[in-house]
Amino acid sequence: MTEIVINGTKQPADACERLIDIINRANLDLPQVCYHPQLGPIQTCDTCIVDVNGQLVRACATTVSPGMAVNTSGKEAKAAQTEAYDRILRNHQLYCTVCDNNNGNCTVHNTAKLLEVEHQRYPFEPKPYEVDNSHPFYRYDPGQCILCGRCVEACQNLQVNETLTIRWEDPHPRVLWDGGAAIGESSCVSCGHCVTVCPCNALMEKSMLGHAGFLTGLSTKALDGMIDIVKGLESETGYGAIMKVSETEAAMCSTRIRKTKTVCTYCGVGCSFDLWTKDRHILKVEPSEGHANGVSTCVKGKFGWDYVNSPDRLTKPLIREGSGFREAEWDEALGLVAKRLSEIKARDGADALGFISSSKCTNEESYLMQKLARAVIGTNNVDNCSRYCQSPATVGLFRTVGYGGDSGSISDIAQADLVVIVGSNTAENHPVLATRVKRAHKLHGQKLIVSDLREHEMARRADLFISPRPGTDIVWLSAVARYILDNGLADMAFLDEWVNWHEDYRISLEPFTLQFASQTCGLPVETLKKLARMITEAKSMCVLWAMGVTQHGNGSDTSTAISNLLLVTGNYRRPGTGAYPLRGHNNVQGASDLGSMPRFLPGYQAVEDSEIRGRFEQRWGCKIPPVEGLDNHQMVDAIHAGTLKGMYICGEEMSLVDSNANHVTAAFEKLEFFVVQDIFFSATCRFADVVLPGSPSLEKEGTFTSTERRIQRLYQVLEPLPGSRPDWRIFQDVANRLGAKWNYRHPSEVMDEIASLVPLLAGVNYERLEGYRSLQWPVAPDGTDQPLLYLNGFAHPDNKARLFPLTWREPTERPDAEFDLHLNNGRLLEHFHEGNMTYRVAGIGKRTPGTFLEVSPELAKARGIEDGTLVELTSRRGTVRVRALVTDRVHGDELYMPMNSTEHPVNALTSSYVDPPTRTPAYKETAVHLRILEPKGPSPLPKNNHRYGKPTPQAGVEVERKWRQPAYRPPGNGLVQIQTK
Ligand code: SF4
Ligand code: SF4
Ligand code: SF4
Ligand code: FES
């Protein structure tokens, strides 16, 4: 800590703090148009000039030093600030009263007010460019662009998509997409960072335009006329008077615009933001201070909300009648559900019923669904979709370190010296988390290793990209661990103090020589040695993995091998280290945490343990069966076997996303009674007897738990669409119809009950989660949480981790003479899972209308395939038809098919082979035969898809190039240029 003097007053400061941050902390007025704390100094606007010890400097680019005397409002500094701002207004018309960005948070407006600008010293000079409306979600108005470069910095160095630049050398610089393409045909991935950080109306969400202001819903002609009137007044009255009018308008807007905090409902990163709404119209998503994301979002979180107001929303319960459905009132539908569930239970026992909870629903809802199954029905047959993806990672961590969750936070990943990504297309599946890796790699020297079948974006950015044979990651991971131990490179001090490791682990490594790994994985020995070198030379390492690991026959063992390697190298218990199984759905972590699992009561408390069971029984007033129930696969098998007769699924598109989908749908057809609760008539609903209309996240309160184990509150943004009900209410309605006496008035009461029964969440309550506050479990009764796990030891009784012995098994299915190609599958950036929500977002559907089959250029040449060729894929389970896309993202005989299709689901091809410890399907181990049906056809991916764009990477805004222009003069005498980041 140090101390500096600002405007005559002493201010405490951190030695490496930016001067502008201290000035802001002291609440001193200082203009600052281009500065954004999450972007760092850009230095394009020159409005933050202050006097430091008699010299003019930019406050945003100046680091404090002891003895600094700062004057923010001296004559020269003030003159420089005003001159800089006058130059900005050359690029911007202040027509605030009729601007959709007139909401009190426009930096350009607020700076004009702060500097008491009355008249424009330099006349406004329109740039010779048209407004670009070519993107579905936002527009760029070069005429209003002040060239601050925030958007460029955000795109280049925060999102790191590297689409945006400003060519300062141009006679009329403007923001450029891919160096000059139309936005809608560029590499822009629609993350919205640029729009979010734009300090004025140059970049605006289209959903705001004509909707946000009181006077802005006019025709362009009328609006232009209004703008002319406003400009005409300026010369007579000055801006002061006009500002007063515009502020009145802003105050009026604030009465009808609601800003509600919520948490993203798509992936497990856990981005949170404010939703701006006017009635049911979603004006925009405004991220700012979420712990996981700050100003970041991806296309789904920023723009993917149309589905909430889709005309396809279910608003009436449906009851099967013959081969179709009829609409029914809630009373009738609930009565029928209770009657049929009771009948089956009375006749065949409680275990003849099965329950699948939703990883899109809230923690409270997951808890209530498993309580419905256990306490009201009396069965442990309850599961969630973590069985399809996350369970193997959880087992790997249980075996070694004790907690089934990420060992640190996203900030740990960002600060790691080395990040290793295994089987995760992070840039598409966990986009905001990927931005932290991309930024650290680009700006801060972080090293990156990627192991994957596909050469996706992270692979292309990696310092070392390896592509081992499908399903063999466990081999190279174990071989590298063995090599490290054999060569004295292990962290022995860490192992001695923190790890129980027995000879059986060392013996289990015997087969994993470098030669064996080289042969099995198809990787050169030198590459394996390089891996070991990079891993042991790193001061801190995080390993990230996802379904490219877990959806294999040895998913649990590979996850264990990852954790073993982290232990051998001492990469736990420190900032910037640890294991990060990236959770797929927004609340898949929470669905498991809250007990929607056949073996665990909430908080991973074993159902077989009588003491634990007793606590729940006492609180719930019931008897809980003492034996593990069926998981979702076993439920399907039990239907086929005739022992499971009734099922209740909430918010899961199980008929498409479970593997070997034909086997699953054949089971559903056999069910005697089937309840599906969802917001749309999903493909799974086709098999239902009763469909209950639930509510999406925006229409309810509750909490989600993200991949970081971060519990966050979502607030109700919109009223439930009439006829639909929040899912927690539906569970309560069903339970009470079955004789329970639940009386939860708000999800907070459910959370209080959870906290009383689950030690992991003992200190969680809604007060502690108010607004943007969050907690990362485990949470002690006093509210202390653990952003970084294991600081006090590992979660085993002796506080020590365990190295777990492993053996290698061949993948469950490999290409052979008949099914000669390996088919891989996964998600796309812009579509979530099968696409039930994202296909209802028009802008997404237009640019990515369906699925496709990625074929390598080599294979395409050999088989006569081109973009648009219609092919038939056949596996031992089924057939799908799909159009090909030739791309070098895949190599050799590898095929890849995104799963976003309800008509041609890839799971018609996948198998029922599983990872034995978890029974997670080996989705990624599928052999297929390919047949060409139509050699030519339309490309499945429109040419305006971002994948065809040509990014323009550069260091950032590159303001030095602006300073080098002959027309540039620093505003203020003797400004010290500090070229800093
Ligand atoms: S990728 Fe597109 S939306 Fe995202 S910051 Fe870049 S230009 Fe903006
Ligand atoms: S479009 Fe970019 S450069 Fe222009 S004002 Fe907005 S953030 Fe600044
Ligand atoms: S990264 Fe995930 S949580 Fe964040 S906005 Fe995108 S989908 Fe939502
Ligand atoms: S805030 Fe723009 S130069 Fe400092």
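The values are calculated or read from the model by the stated rules, or taken from the named source; none is laboratory data. Note that the coordinates shown come from a computational prediction; the quantities given were computed from them, not determined experimentally. We place every Cβ from the backbone using ideal geometry, glycine too, and count neighbours over all the protein chains shown. For the accessible areas, the whole protein counts, side chains as well, though only heavy atoms, and no ligand, DNA or RNA atoms are used. Shrake-Rupley method; radii C 1.70, N 1.55, O 1.52, S 1.80 Å.
Give the relative contact order (percent, whole number) for the stretch 286-415; include only Cα pairs under 8 Å separated by 6+ residues.
Once divided by the residue count of the stretch 286-415, the mean separation gives 12 percent.
Given 10 Å bins starting at zero, what is the percent of C-alpha pairs of the stretch 667-816 in each, up to the one with the largest pair distance?
Pair shares across the bins are 9, 25, 25, 22, 17, 2.
Rounded to a whole number, what % of the accessible area of the chain do carbon and sulfur atoms account for, probe 1.4 Å?
About 51 percent, which is the carbon plus sulfur part of the accessible surface.
Largest first and in whole Å, give the semi-axes of the stretch 262-323's equivalent ellipsoid, each being the square root of 5 times a Cα gyration tensor eigenvalue.
Semi-axes (√(5λ), whole Å): 30, 14, 9.
What list of ³J(HN,Hα) couplings, whole Hz, do you get for the stretch 52-62 from phi and the Karplus terms 6.51, -1.76, 1.60, once you set θ to phi - 60° and write x for glycine and proline?
10, 6, x, 10, 7, 9, 7, 5, 6, 9, 9
Tell me the relative contact order for the stretch 667-746 as a rounded percent, counting alpha carbon contacts under 8 Å between residues six or more apart.
Relative contact order, the stretch 667-746: 21 percent.
Which one, A955, S563, G268, projects farthest toward the positive side of the charge dipole computed for the chain from Cβ point charges (K/R +1, D/E -1)?
So the residue we want is A955.
Return one whole number: the accessible area per residue of the stretch 19-100 in Å², for a 1.4 Å probe.
32 Å²
For Q716 and N736, what does the FRET efficiency come to when R0 = 22 Å and r is the distance between their Cβ atoms, rounded to the nearest 0.05?
0.50
Once phi is turned into θ = phi - 60°, what whole-Hz ³J(HN,Hα) does the Karplus curve with 6.51, -1.76 and 1.60 give for every residue of the stretch 475-492, x standing for Gly and Pro?
In residue order, the calculated couplings are 6, 5, 4, 6, 5, 5, 4, 5, 4, 5, 5, 4, 9, x, 9, 6, 8, 5 Hz.
Tally Lys/Arg at +1 and Asp/Glu at -1 over every other residue whose Cβ is under 9 Å from the Cβ of A927; what's the total?
Net of charged neighbours comes to -3.
In square nanometres and to one decimal, what's the mean projected area of the convex hull around the Cα atoms of the stretch 780-842?
With the hull built on Cα positions only, its mean projection is 10.9 nm².
Under 9 Å from the Cβ of L821, count the other residues' Cβ atoms, weight Lys and Arg +1, Asp and Glu -1, and hand me the total.
Taking every Cβ under 9 Å from that of L821, the sum is -3.
Excluding same-chain pairs closer than 8 in sequence, count the lysine pairs in the stretch 334-491 whose Cα atoms lie under 29 Å apart.
7
Once the Cα gyration tensor of the stretch 527-569 is found, what semi-axes does its equivalent ellipsoid get, as square roots of 5 times the eigenvalues, in whole Å, sorted largest first?
21, 11, 9
After finding the eigenvalues of the alpha carbon gyration tensor for the stretch 808-876, what semi-axes result from the square roots of 5 times each, listed largest first in whole Å?
28, 18, 10
Find how much the distance from R320 to E749 grows on full extension, using 0.36 nm per residue of separation minus their present alpha carbon separation; answer in nm with one decimal.
Using 0.36 nm per residue and subtracting the Cα-Cα distance, I get 151.0 nm.
Suppose we keep just the DSSP beta bridges with both residues in the chain; what percent of those would be antiparallel, to 5?
Rounded to the nearest five, the antiparallel share is 60 percent.
Can you list, bin by bin at 5 Å, the percent of alpha carbon pairs in the stretch 345-438, starting at 0?
Reading upward from the zero bin: 3, 11, 14, 16, 17, 14, 9, 7, 5, 3, 1, 0, 0.
So what's the stretch 114-155 giving for Rg/Rh, alpha carbon basis, Kirkwood Rh from the mean inverse pair distance?
Answer for the stretch 114-155: 1.06.
Number of Lys-Lys pairs in the stretch 230-314 under 16 Å by Cα, sequence gap 8 or more or different chains?
The result is 9.
Which percentage, to the nearest 5, of the DSSP beta bridges contained in the stretch 816-947 is antiparallel?
70 percent
Please compute the Kirkwood hydrodynamic radius of the stretch 603-733 from all pairs of different C-alpha atoms, in Å with one decimal.
For the stretch 603-733, the Kirkwood estimate is 17.2 Å.
Considering only protein heavy atoms, what per residue accessible area in square angstrom results for the stretch 553-660 with a 1.4 angstrom probe?
24 Å²
Could you order peptides 449-459, 201-211 by the average number of other Cβ atoms within 10 Å of their residues, highest first?
449-459, 201-211
Hey, if you drop one equal point scatterer on each alpha-carbon of the stretch 175-217 and run the Debye formula without solvent, what base-10 log of I(q)/I(0) do you get at q = 0.20, 0.28, 0.32 Å⁻¹?
Normalising to I(0) and taking log10 leaves -0.74, -1.07, -1.17.
If you put +1 on each Lys and Arg Cβ and -1 on each Asp and Glu Cβ, how big is the dipole of the stretch 237-331 around its Cα centre, in Debye rounded to 20?
The dipole magnitude comes to about 140 debye.
Could you work out the mean projected area of the convex hull around the alpha carbons of the stretch 449-554, in square nanometres to one decimal?
7.3 nm²
Could you report the stretch 311-369's accessible area per residue, 1.4 Å probe, as an integer in Å²?
39 Å²
Any idea how far apart R931 and A241 come out in nm if each label point goes 7 Å out from Cα toward Cβ?
Distance between label points: 8.1 nm.
How big is D, in µm² s⁻¹, for the stretch 193-307 by Stokes-Einstein at 4 °C and 1.567 mPa s if Rh is the Kirkwood radius over C-alpha pairs?
Using the Kirkwood radius from Cα pairs, D works out to 81 µm²/s.
Would you compute the Debye intensity of the stretch 789-928 from its alpha-carbon atoms alone, equal scatterers and no solvent, and pass along log10 I(q)/I(0) at q = 0.09, 0.12, 0.20 Å⁻¹ to two decimals?
After summing over all Cα pairs, the log10 values are -0.38, -0.60, -1.19.
Restricting everything to alpha-carbon atoms, can you work out Rg to Rh for the stretch 1-70 with a Kirkwood hydrodynamic radius?
0.92
Any idea how many Lys pairs in the stretch 852-981 come in under 25 angstrom at the alpha carbon, given 8 or more places apart or on separate chains?
Count of close lysine pairs: 6.
Expected output is a single nm value to one decimal: the length gained when fully extending between I227 and N105, i.e. 0.36 nm times separation in residues minus the C-alpha distance. What is it?
41.9 nm is the gain from fully extending I227 to N105.
Which of the lysines could a cross-linker span from K800 if the Cα-Cα distance has to be under 26 Å and same-chain partners fewer than 8 positions apart are dropped?
Output for K800: K539.
Set the Förster distance to 60 Å, then compute FRET efficiency between E116 and D798 from the Cβ-Cβ distance, nearest 0.05.
Calculated value: 0.30.
Given a cut-off of under 8 Å on Cα pairs at least six residues apart, what relative contact order in percent is computed for the chain?
Relative contact order, the chain: 15 percent.
With r defined as the distance between the Cβ atoms of E169 and T643 and R0 fixed at 51 Å, what FRET efficiency is calculated, to the nearest 0.05?
0.10
If amide hydrogens are placed 1.01 Å from N in the peptide plane, which non-local residues have theirs closer than 5 Å to the one on T920?
D915
Give me the Å³ per residue figure for the convex hull around the C-alpha atoms of the chain.
Convex hull of Cα atoms, per residue: 178 Å³.
Taking the Cα centre of the chain as origin, sum charge times position over the Cβ atoms of Lys and Arg (+1) and Asp and Glu (-1), and report the length of that vector in debye to the nearest 20.
Here the size comes out at about 720 debye.
Among F832, Y580, G225, whose Cα lies farthest out toward the positive end of the dipole of the chain, if unit charges sit on the beta carbon of Lys, Arg (+1) and Asp, Glu (-1)?
Looking along the dipole axis, the top candidate is G225.
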